[in-house]
Amino acid sequence: MLNILGKRYIFFAISLLLIIPGLIMLGINGMPLSIDFKGGTLLEVQFPSNALPSTEQVKNIYDGLGIKDAQIQTTEDNVLIIRSSVLSDTVRLDILDQLTTLAGSELIIRKSDTVGPSIGEGVTKRALQAVGLAALAIVLYITFAFRGVPHAFRYGVCAIVAMIHDVLIVLALTGYGARLFGWQVDSLYLTAVLTVIGFSVQDKIVVFDRIRENNTIYRKLEFEKLANHSIVQTLQRSINTQLMTVEFFLLALALFGGVTLREFAVILLVGLFSGTYSSIFIAAPLLVVWENQEWKTWFRRTPKTA
Amino acid sequence: MGVSEVVFQVAGDKYILGEFPGLTNTEEVIATVKQTGLLEFVDAGTTFLPEGTVIATDYGLAEAATNDPAVIPVVTAEGVVEPADYVFHTVMLGSQIKNVSVEVDPTGGFVIPFEVTAESTKMFREYTSANINKNLAIVLDKRVISCPTIQGALDGGGQISGNFTSETANNLAVTLRYGRLPVALEVVESRIIGPTLGEDSLDKSLLAGAIGFAIVILFMTIYYRLPGVVAVFSIAIYAGLTFALFKLIPVTLTLPSIAGFLLSTGSALDANILIFERLKEELRNGRTLQQAIDLGWKRAWPSIRDSNIATIITSIILFWFGSAFGASIVKGFALTLALGVGVSLFTAIVVTRNFLSIVIKLINPARHQKWFGA
């Protein structure tokens, strides 16, 4: 039989190797917060087909009004996306007036976002608190649902630790994405993270359920063998569920979906994959580490990796 | 503004979130929102306007109302002004008064003293001295809230007396002070979502969803064979029920709520996969098909139950937080997730299981073990 749990420290190492550099990148560059979180103004303006002004000209308008941080992007159909720090209503109207003058005719304002920064802050903070409270509730529920097996409390804690692992993977991915592709963290990102959290916890419980069931069948078996046996038994289900619910949909979304959703789809793809991966390679191994109280030997000799 | 699905939400301690579907002119929306709570002092002449009467005033019109003094409007028993096209003259706005308070007068009733701002004092004095014993209606958003009679020339202020209780007097004082909303409004965020962008994204994403679903059907059928077909039916029923619920409640489909729905679709699929994997295991252990179906379902059930309950707990907490603190993204996601998972539990218990039993009764299972992927 496949011995997955014997190699547990290798899997821990792989995860750390993926997570730590990404988090360092995030630490250096800062979270790439979009104006959804940071507050600012985003103008998306469509010009008549023959009158698209140069980036330079638009930049000058902003500079002239004292807005020095304007970033201008051109997209298809003569559309300019202009990001900047928060513009007051008067400044924005002023800018639109000047842009209209520049174009020589009416513009189509496709998007005009003014986001107060504290909205983002409040929502993120509340979302974090909500997730924290939910995690606590999950630990309690799992402890209750697994009351028939020894140390039920550990299952809840390991599920949450593995869930945090998945969130860290997503954060690390954000670090790489921000560096390589200029990804930004927006409100959709928050949705993606919530989805990963929900999926992750659900998947942990399914895998733990098998350990719970086998616990009553093979009473004499060593815990490590029992846990390994259980995850091998659920492997086919893990793969199929992952393929079915996640990869098929999200690959389709990433490949054929609209541009706006591509980043969202990629984050979900990786995050949900991690959700399945961590049930097998993080959550269950953590249970074994806890059962054997292996931390007592961590600093005495090299960890056994065989 | 004629917008059908305007949604206002209190966000956090000090925000109000308004959504105006279909409107694309932010400046117009902002202007209208800021006007809410427009307070006017209206010349009612000798007409008494009962509380609640809706009237037309000339504030905001291009020219002041020029009423024929011979026409004296009356309010019918139904509370409608006659003649219907009568436009009252607005003397003063709520922004022109200050220092509103509530006091008890010597007879024990409540009165509301107020002062007129320095710039308006002269106008108010002249108007009141010329209109003694006439009525000056106090009107909020074109609806009369009080109609006191001017009892003398007022210099720099006055007081409103009427049949007030302590509560109604205080309410009126608050209204006089601030308009209907007891705060000054500041626009924090205004956002237009361009339909071109949205439609492009939606169409492509729907196509992507359809492609994804087609692959899932194919895979389920090839991998799990007959049960796979049952699962596809079961998922279709799940999707139908969930969308019926969305319509009933109703749930507006935003991206976060679609994400919640898709996640719950995942868990509905997972429930089927769990059952079928167990079914196959039991078949491999040499059970008959009927036994395998019963056992497979029975053994998969605890994991389906517990994992879904955990998800429901999560979404209830997220929903509660989302509504309490205006994180509407979190709320929309949590609502569809909870509904979807609830329905998926139901379809896993009722639909998949019964469909499987019906299918076995229809065929001779002993001859068709292969159809079950055994």
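What to note about this one:
- With a 10 Å cut-off around each Cβ of A:130-137, the average count of Cβ atoms from other chains is 5.
- With the simple model of a label 7 Å out from the Cα in the direction of the Cβ, B:Glu167 to A:Asn50 spans 6.9 nm.
- At full extension, A:Ala152 and A:Asn292 could sit 48.9 nm farther apart than now, given 0.36 nm per residue minus the alpha carbon distance.
- Dividing the summed helix terms, -39500 (n - 2.57) for each DSSP H run of n ≥ 4, by the number of residues in chain A produces a 222 nm estimate of -22000 deg cm²/dmol to the nearest 500.
- In this structure, B:Leu93 and B:Val350 have a Cβ-Cβ separation that, at R0 = 60 Å, corresponds to a calculated FRET efficiency of about 0.45.
- Gain in span if fully extended, A:Phe181 to A:Thr90, counting 0.36 nm per residue against the direct Cα distance: 29.4 nm
- Those residues of the stretch B:345-359 whose amide nitrogen sits under 14 Å from the label point placed on B:Val229, 7 Å along Cα→Cβ: B:355-359
- Other protein chain C-beta atoms within 10 Å of residue C-beta, averaged over B:260-269: 5.
- Relative to the current alpha-carbon distance between B:Asn133 and B:Ile360, full extension at 0.36 nm per residue lengthens the span by 72.7 nm.
- Distance (nanometres) between label positions extended 7 Å along Cα→Cβ at B:Ile249 and B:Ala56: 4.4
- Shielding by partners - mean other protein chain Cβ count within 10 Å, residues of B:335-341: 1
- Sorted by Cβ neighbour density within 10 Å, fewest at the top, the residues A:Val86, B:Val139: A:Val86, B:Val139
- Mean Cβ neighbour count within 10 Å, used as a protection proxy, ranking A:125-137, A:288-300, A:49-61, A:152-164 highest first: A:152-164, A:125-137, A:49-61, A:288-300
- Legend: helices of chain A (whole DSSP H runs) are marked when their alpha-carbon atoms reach 20 angstrom or more along the helix axis and their mean Kyte-Doolittle hydropathy is at least 0.0; marked are A:8-29, A:89-103, A:117-145, A:152-181, A:187-217, A:259-278.
- Shape category assigned to chain A from the gyration tensor of Cα positions, a/c cut at 1.5: prolate
- Inter-probe distance in nm under a simple model that places probes 7 Å from Cα toward Cβ, at A:Met1 and A:Gln129: 4.6
- Cα gyration tensor category, rounded, prolate or oblate, for the stretch B:195-372 with a/c compared to 1.5: prolate
- Remark: relative contact order (chain A) = 25 percent; criterion is Cα-Cα distance under 8 angstrom and separation of 6 or more residues.
FYI, it's all coordinate maths here, none of it is from the lab. Every value quoted in this text rests on a predicted model; they were computed, and no experiment measured them. FYI the Cβ positions are ideal-geometry reconstructions off the backbone, even for glycines, and counts take in every protein chain you see.
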